[in-house]
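The values are calculated or read from the model by the stated rules, or taken from the named source; none is laboratory data. Please read these numbers as outputs of a predicted model, since none were measured by experiment. Every residue, glycine among them, receives a Cβ derived from its backbone with ideal geometry; neighbour counts consider all protein chains shown. All accessible areas refer to the heavy atoms of the entire protein, side chains included, with ligands and DNA or RNA removed. Shrake-Rupley method; radii C 1.70, N 1.55, O 1.52, S 1.80 Å.
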Protein chains: 4
Amino acid sequence: MSNSYSLKPKKSDRFSFGLWTIMNIGRDPFGEPTRPPINPLDVIVELAKRKVYSFEMHAEDLVPMGTGARERDRLVREAKKRMRDYKIKCTNCGSNCFSHPVFKDGAFTSNDPHVRAFAVQRYIYAIDMGYELGCRLCNLWWGRDGLEVEGSKDTRDALKWLRECCNVLTEYVLRNYPDYELSIEPKPNEPRGDIFLPTTGHALAFIATLDHPEKWGVVPELAHVRMAGLNSVHEVAQALDAGKLRGIHLNSQKPLRYDQDIRFGAEDLKESFFIVYLLETSDYEGTKSFDCHPHRTEDRGGAWDFVEGNMRTYLVLREKVNLYQQDRQIQRILTRIRGVQKALPSPENIAATEYDPGKLMATRLPYEKLDQMIVELLLGAR
Amino acid sequence: MSNSYSLKPKKSDRFSFGLWTIMNIGRDPFGEPTRPPINPLDVIVELAKRKVYSFEMHAEDLVPMGTGARERDRLVREAKKRMRDYKIKCTNCGSNCFSHPVFKDGAFTSNDPHVRAFAVQRYIYAIDMGYELGCRLCNLWWGRDGLEVEGSKDTRDALKWLRECCNVLTEYVLRNYPDYELSIEPKPNEPRGDIFLPTTGHALAFIATLDHPEKWGVVPELAHVRMAGLNSVHEVAQALDAGKLRGIHLNSQKPLRYDQDIRFGAEDLKESFFIVYLLETSDYEGTKSFDCHPHRTEDRGGAWDFVEGNMRTYLVLREKVNLYQQDRQIQRILTRIRGVQKALPSPENIAATEYDPGKLMATRLPYEKLDQMIVELLLGAR
Amino acid sequence: MSNSYSLKPKKSDRFSFGLWTIMNIGRDPFGEPTRPPINPLDVIVELAKRKVYSFEMHAEDLVPMGTGARERDRLVREAKKRMRDYKIKCTNCGSNCFSHPVFKDGAFTSNDPHVRAFAVQRYIYAIDMGYELGCRLCNLWWGRDGLEVEGSKDTRDALKWLRECCNVLTEYVLRNYPDYELSIEPKPNEPRGDIFLPTTGHALAFIATLDHPEKWGVVPELAHVRMAGLNSVHEVAQALDAGKLRGIHLNSQKPLRYDQDIRFGAEDLKESFFIVYLLETSDYEGTKSFDCHPHRTEDRGGAWDFVEGNMRTYLVLREKVNLYQQDRQIQRILTRIRGVQKALPSPENIAATEYDPGKLMATRLPYEKLDQMIVELLLGAR
Amino acid sequence: MSNSYSLKPKKSDRFSFGLWTIMNIGRDPFGEPTRPPINPLDVIVELAKRKVYSFEMHAEDLVPMGTGARERDRLVREAKKRMRDYKIKCTNCGSNCFSHPVFKDGAFTSNDPHVRAFAVQRYIYAIDMGYELGCRLCNLWWGRDGLEVEGSKDTRDALKWLRECCNVLTEYVLRNYPDYELSIEPKPNEPRGDIFLPTTGHALAFIATLDHPEKWGVVPELAHVRMAGLNSVHEVAQALDAGKLRGIHLNSQKPLRYDQDIRFGAEDLKESFFIVYLLETSDYEGTKSFDCHPHRTEDRGGAWDFVEGNMRTYLVLREKVNLYQQDRQIQRILTRIRGVQKALPSPENIAATEYDPGKLMATRLPYEKLDQMIVELLLGAR
């Protein structure tokens, strides 16, 4: 059976990893690091060797805050050299505005307008660097923009400040790099008790209130959706429906607990399958980016098992999508369920029609059978 | 102490209850009814006697599906008479498109276009009735618009169908009752495994894609927010920020479990306080509507204890808002925390400024003290 | 591939279904029934025809509360006839002490001692009936034994009442049917806000305080475990470790939401696999019982798709257990991980030994690789 | 109003704090420390000055792993001196077997028997130190004893290893310090995907399988209960019912998300009230210990606001318990609800009695009214 699966990633699969996912040293709130640091330049090379299409980064992953201009330039030059030599792209360069204590109460929503301005500066810095690296997307995850003490910040103010910062950033981009795009990666909580704009829905709604909504999109992360107990397929589908899917962060997670950032597909195979189905049957052309990290029990070497595992599972699931589309029984049921579609009549017409609920409810909906077929397809048992 | 609290509701408080909340007979998935049915006309009168400003309803609460035109007219007439005699308004008339088996797989998102059209017809019917009753809002809760079996429906189709139905309904309203408004009440799950547009954020984002977004708003329900483990204060604040808060459904709920619909304030006093704070310090002029039901252990009489309890808790919390605003120590801390606000400089200006993170992070943020003061204020201990 | 899977259930597989699972008429808190009632005697026959080994029941499933003695005897006679004719057993007969309003505030934990006594009577009645049907287990699910209003009941009292009722029931069993066994099926919430003894752990701990702990065991239900966000594998393993696993209720569920009771394996394939692994690699000899119900969208016929689906998924997963045990690479990793086991030295010995943490932590733990292999095994891709 | 509340802690209140709660430097998975380290000896003094009765500790809080014997003795001597001078006790001395990478895959459940032995050694070390400090309780929180990869460890093995380690530790205690006690503090997850023995129920059940169950008890932590979405009042009540409550860790937390460890009472005032009610109306004589930490936004000074806040809230809630017990209306309702209690008749007697469910269900259960009174009592509005 394994023969029928091609588990070797290719550049054309457009897989991507965040530099930070490999740079993770296995520290957590209750434990010290279990892995030595690794040089981001080496991560770039190693990813490239594994046929990864691109990497994502925070400017600070490559150039720590406080680095001088000359060293910054050297590091960027080194990165570019590796990207050229090993043929790998950078497809997202954001900023880490969450680790440094200056952002302990928020970046774009700090009560202090100087902190907000400083955060905008950090993003400007990241966009400049991204541009140099050939990147065209700045994805914002506002990890610290939330609160634990409801009285400490009025959410109405916070939303205004967020908007102001986003608008200023858009202005910068429009003037300097008109083809650059911006995106929001929402998360419900952790490291803050509640983070503002907790889901893709909230982010899309917020974008509609910006000065230039057309410059902004979203990058949903599966684990973040599951941390709110929501359905990640529906979340991504709504982003697609709105024409706003700029990227995707693939991983997995047991719902409604701390941010686990587990290897894609390690939890919830069926939901993962339908994510791949969505991506492969839409006009989405972005990367398939993995944003997770090896278990803390792994050593440095384990990180590469982890990298391969993510891509292999995607490839198996993509093959399952093909099988699904070619499965006659499944497709026959789907055709029957969907029936004949037609546009709604006018309201007047609808008001004047006599509907017979008893008759309308008589259609059989064989969802148990359908779902069982899908489960067996996933298990390789059909 | 109790003397200082005025716990008697007044019409000017604009309290409201759903007819269904009192008509609830105490049936649940595992148990038979514990209360006899009650006539909706009697509910209208009894609410009015308790100084409730208005009621909300589904058309079907008053006129069950399948009722003939003459009986329908008689019931509407009787309702109007009671509204006049007892001085109570109707401020929301939606449709129950979730109880009848014809909607078992969705109303606006049924795979069957005739079911979708029938659901639109039901809403047209409800809007006509609402208009006759002097109501100007039709709030839609799509209880059945979701799925358990991911393969049974493509969310991308579902969103298109939802949009088409909403657009047709808007057309009807624009032609017939141009001052009528429409709203969405989101819910994450139950009775469906996952309901489409699970949160206020998703609903607001979806509204932005409608033909006439200006005709649509949202009615967040606190318990629905808590069923997704999100922060209800932030949810309502974002609706306010977007100028889209058309109503609010007040109640309470232990997070992340079945829909409990408990009396407002019975759980999570601090979050309830901040909800009242938001409503009382914004320009929101809608009703404060309670959407919950008495515990199944209550008999008919208990329903009125429940009605009073909801309003009393709101009134106590509103008084706490006053105390909060008058508390000098609290206000002094808030003033200090918020500091001097100013607009962001231009991006060029920001890029050119030298910020000192070490200095910026030195400001003390006494949130433990502030939160403790709020807790003591709520407990009546300051 | 499907050839290699034998998906036909056999009596020796010891599959079981609750009568109530098929008798479910598709009513939920927000909707009317979607399926007509079905006679329990017919359910017995139809299950038997599908090679189901046994059924489980509440006495009230067969003989509704209030039925006269003669009719009761007739129904029991009819059931026995079908059991004989179609060769199917009854392996659990409990009592429905949750549907009738008399139990609205609890059965064994009602504040009213007469209600508690009445509940005990119902269980006595169920045990008598079970005995006649050749059953030897009475499984108790105390659906109403909990509360929403903390002040309404002191949990310390509730636990005493539970214990007293269980002890009296044990006394009855010891005197009348010494080979009969009793078990507890825990659930965290729904239909009560919080149910007493919410997990297998709490039930096992409570059993240790009974007069005759040896007469009592547990019947964990997977969905109930997931409603508390816990790990169902660990839950069942602890019951096995304690020698207390008397049965198991297989199904699935999205965690931390309303009780979904979905077909086994429809959610969380990996967790389901490890449940099957546990059952198949332990000395557990009870039934594999499915406690779930068809989606409300199904008609009567769909119920049988549902029945087959449950068993098929179990059979596929059991075959995966075989593949897992025969997979050399996986087994090699497992052997390496487990290493050489030996008993702990004496405390004195331990205190006197010098351990080198640096050395101890150097062992590689290739869990990413192992987990990836398991995922691929489940997907049929190795 | 504040006059009626005595918010000054006294030694007789038996308040306690973990040293680690103040030593917390504000680091989290996404951010660097925001507070400088503080010397544990200073923490002891500062707590004592605030009338805290005792502190809890991990041996490693005072004496980091790897410290030489002489330095260890000096530190213990210094601690004892401060304890004597400032009159503060040590009431729990556990071991930190979760931070060091050697425990990355578990302490008592590592697959490696040498790691398990080393963990036992660390606890022996902690018990020796505790004894010297006058402590008589060693509370075990097995932060690392769990897994993310189900295949990596068989829970049946893990439970055996846990038991073996606990038994060896008991042996050590019985031989050396017969009056020493041991306890388990359960937690459902974080830092591991699933931790073994996730709740008080599981821990109590496990204790029943130890060689000397009488030496072991539990120390429930409120936030840990809420992380599993369970009811902390019921959890503590079951520990009391089993005679096993050895301590309590008071704090608060939004349910079902990452471990927040927030100030006691900052969330869920009603649940917190009933916890205080339980402790104050039982024969519990242990400490009221706070296990949480100041928000990361606080500086060093804020930690002392936090310390005071915890104790103040407990004192206000204790006063509310008095008010509750003296409130005639509330007590009258409670008396009526509870009715006349009596022991259950014999099973024969029960079987022979005729019960009338219609009559039994007629009693009114005014829980809405009762709960409303409690809410108003908490809000200081009665």
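Are any of the residues in the range C:348-360 of a type in the set (Phe, Trp, Tyr), part of a loop (DSSP other than H, G, I, E, B) and touching a helix residue (DSSP H, G or I) at 6+ places or on another chain (Cβ under 6 Å)? First the steps, then the outcome.
Of the range C:348-360, the ones of a type in the set (Phe, Trp, Tyr) are C:355.
Next, only the ones that are part of a loop (DSSP other than H, G, I, E, B) stay: C:355.
Now narrow it down to the ones that are touching a helix residue (DSSP H, G or I) at 6+ places or on another chain (Cβ under 6 Å): C:355.
Yes: the range C:348-360 contains one or more residues that are of a type in the set (Phe, Trp, Tyr), part of a loop (DSSP other than H, G, I, E, B) and touching a helix residue (DSSP H, G or I) at 6+ places or on another chain (Cβ under 6 Å).
Suppose the filter is over 19 Å from D:Tyr314 (Cβ atoms), outside any loop (DSSP other than H, G, I, E, B), among the small types (Gly, Ala, Ser) and within 14 Å of chain C (Cβ to nearest Cβ); does D:Gly229 pass it?
no
Could you run through the range D:275-314 and say how many residues are in a loop (DSSP other than H, G, I, E, B) and either closer than 13 Å to B:Pro366 by Cα or open to solvent by less than 10 Å² (accessible area, probe 1.4 Å) (or both)?
Pass one, the range D:275-314, residues in a loop (DSSP other than H, G, I, E, B): D:281-287, D:291-301.
With either closer than 13 Å to B:Pro366 by Cα or open to solvent by less than 10 Å² (accessible area, probe 1.4 Å) (or both) added as a condition, the list becomes D:292, D:294-301.
Residues that pass the stated criteria total 9.
Quick test of your reading of the structure: D:Tyr123 fulfils all but one of (1) within 23 Å of the chain's Cα centre (by Cα); (2) in a loop (DSSP other than H, G, I, E, B); (3) hydroxyl-bearing (Ser, Thr, Tyr). Name the failing condition by number.
Failing condition for D:Tyr123: (2).
Counting residues that are open to solvent by 40 Å² or more (accessible area, probe 1.4 Å), which helices (runs of 4 or more DSSP H) fully inside the range C:15-91 reach at least 1? Reasoning before the result, please.
Values: elements: C:19-23, C:40-49, C:59-62, C:69-86.
Because the criterion is at least 1 residues that are open to solvent by 40 Å² or more (accessible area, probe 1.4 Å), the helices (runs of 4 or more DSSP H) in the range C:15-91 that meet it are C:19-23, C:40-49, C:69-86.
Tell me which of these B:Val340 doesn't satisfy, since it passes every other one: (1) within 25 Å of the chain's Cα centre (by Cα); (2) not in a helix (DSSP H, G or I).
Condition (1) is where B:Val340 drops out.
Among all residue pairs at least 6 apart or on different chains, which show Cβ distances below 8 Å where the first residue, located in the range C:119-130, is in contact (Cβ under 8 Å) with a residue 24 or more places away in the chain and the second is of a type in the set (D, E, K, R) and not in a helix (DSSP H, G or I)?
Final answer for the pair search is C:Gly130/C:Arg136.
Residues are listed down the side, and each one gets a yes or a no for (1) within 23 Å of A:Asp268 (Cβ to Cβ); (2) not polar (S, T, N, Q):
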site: C:Gln329; (1), (2): no, no
site: C:Leu334; (1), (2): no, yes
site: C:Leu344; (1), (2): no, yes
site: C:Asn349; (1), (2): no, no
site: C:Glu354; (1), (2): no, yes
site: C:Glu368; (1), (2): yes, yes
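Could you check the range D:141-193 and list, in sequence order, the residues that are facing chain C (nearest Cβ under 7 Å) and either β-branched (Val, Ile, Thr) or open to solvent by 10 Å² or more (accessible area, probe 1.4 Å) (or both)?
If the condition is that a residue be facing chain C (nearest Cβ under 7 Å) and either β-branched (Val, Ile, Thr) or open to solvent by 10 Å² or more (accessible area, probe 1.4 Å) (or both), then D:Val149, D:Glu150, D:Thr155, D:Arg156, D:Glu164, D:Val168, D:Glu171, D:Tyr172 are the ones that fit.
Can you tell me which residue within the range C:232-267, out of those that are among the charged types (D, E, K, R) and part of a helix (DSSP H, G or I), is nearest to the other protein chains (Cβ to nearest Cβ)? First the steps, then the outcome.
Filtering the range C:232-267 for residues among the charged types (D, E, K, R) gives C:235, C:241, C:244, C:246, C:254, C:257, C:259, C:261, C:263, C:267.
If we keep only those that are part of a helix (DSSP H, G or I) too, we end up with C:235, C:241.
Details: C:Glu235: 8, C:Asp241: 5 Å.
Selected residue: C:Asp241.
Yes or no: A:Glu271 in a loop (DSSP other than H, G, I, E, B) and open to solvent by 10 Å² or more (accessible area, probe 1.4 Å)?
No: the conditions fail for A:Glu271.
Being more than 7 Å from every other protein chain (Cβ to nearest Cβ) and either under 30 Å from A:His293 (Cβ atoms) or open to solvent by less than 50 Å² (accessible area, probe 1.4 Å) (or both) is the filter here, so list the residues in the range C:354-377 that pass it.
Once the filter is applied, which keeps residues that are more than 7 Å from every other protein chain (Cβ to nearest Cβ) and either under 30 Å from A:His293 (Cβ atoms) or open to solvent by less than 50 Å² (accessible area, probe 1.4 Å) (or both), the range C:354-377 yields C:Asp356, C:Gly358, C:Lys359, C:Ala362, C:Met373, C:Leu377.
Out of curiosity, is B:Gly130 more than 8 Å from every other protein chain (Cβ to nearest Cβ) and open to solvent by 10 Å² or more (accessible area, probe 1.4 Å)?
Numbers: more than 8 Å from every other protein chain (Cβ to nearest Cβ): yes; open to solvent by 10 Å² or more (accessible area, probe 1.4 Å): no.
Against the criterion (more than 8 Å from every other protein chain (Cβ to nearest Cβ) and open to solvent by 10 Å² or more (accessible area, probe 1.4 Å)), B:Gly130 does not qualify.
Can we say C:Ser12 is modelled with pLDDT of 95 or more, of a type in the set (Ser, Thr, Tyr) and open to solvent by less than 10 Å² (accessible area, probe 1.4 Å)? Step through it out loud before you land on a result.
Numbers: modelled with pLDDT of 95 or more: yes; of a type in the set (Ser, Thr, Tyr): yes; open to solvent by less than 10 Å² (accessible area, probe 1.4 Å): no.
When the stated conditions are applied, C:Ser12 does not pass them.
Could you go through the range B:204-214 and let me know if any residue there is more than 8 Å from chain A (Cβ to nearest Cβ) and either over 20 Å from B:Lys160 (Cβ atoms) or at pLDDT below 95 (or both).
yes
Does D:Ser272 satisfy the criteria of being of a type in the set (S, T, N, Q) and without any contact (Cβ under 8 Å) to a residue 60 or more places away in the chain? Don't jump to the end; show me each part of the working.
Working: of a type in the set (S, T, N, Q): yes; without any contact (Cβ under 8 Å) to a residue 60 or more places away in the chain: yes.
It is true that D:Ser272 is of a type in the set (S, T, N, Q) and without any contact (Cβ under 8 Å) to a residue 60 or more places away in the chain.
If you go through the range B:289-309 one residue at a time, do you hit one that is away from chain D (no Cβ under 14 Å) and touching a strand residue (DSSP E or B) at 6+ places or on another chain (Cβ under 7 Å)?
So the first thing to find is which residues in the range B:289-309 are away from chain D (no Cβ under 14 Å), and the list is B:289, B:291.
From the residues that got through so far, the ones that are touching a strand residue (DSSP E or B) at 6+ places or on another chain (Cβ under 7 Å) too are B:289, B:291.
Yes, the range B:289-309 contains at least one residue that is away from chain D (no Cβ under 14 Å) and touching a strand residue (DSSP E or B) at 6+ places or on another chain (Cβ under 7 Å).
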